[in-house]
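Engineer: Got a structure for you, written out below as structure tokens; questions coming shortly.
Taken together, the values in this text are just the output of simple stated rules run on the coordinates, not laboratory data. For clarity, every value in this text was computed on a predicted model and none was experimentally measured. For neighbour counting, all protein chains shown are included, and Cβ atoms are generated from backbone atoms with ideal geometry for every residue, glycine included.
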Amino acid sequence: MVRRSLRSGKRKLIKTPSGKFYLTRIPDKPNYHHCATCGGKLHGMPRGTQIEIRRLHKSQRSPSRPYGGQLCSPCLKRQLIEKNRSLN
């Protein structure tokens, strides 16, 4: 059993086949992944526990573009334009 302070999530009443009732805990979902520069939500990233994400295929875990899973597409576009300008 987990310490009372570490328990979180909703509780649900479950009925067993023998007719008894007991409470079970529904764990909270983790937060969304956020962009490193603007802090907005990252699209294309799954929202689940580490175990659930590890079970996914590699192509389902994060986008297959540069900085996929770290920067959102507008920030990535802005960064690539700035890098291109500095090279010229």
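Engineer: Using unit Cβ charges (K, R positive; D, E negative) and no other charged atoms, how large, in debye to the nearest 20, is the dipole of the chain about its Cα centre?
Structural biologist: Approximately 460 debye in magnitude.
Engineer: Based on the Cα gyration tensor of segment 30-88, what are the three equivalent ellipsoid semi-axes, each the root of five times an eigenvalue, rounded to whole Å and given largest first? Show your work: numbers first, answer last.
Structural biologist: On the way: eigenvalues 142, 32, 9 Å².
One finds semi-axes of 27, 13, 7 Å for segment 30-88.
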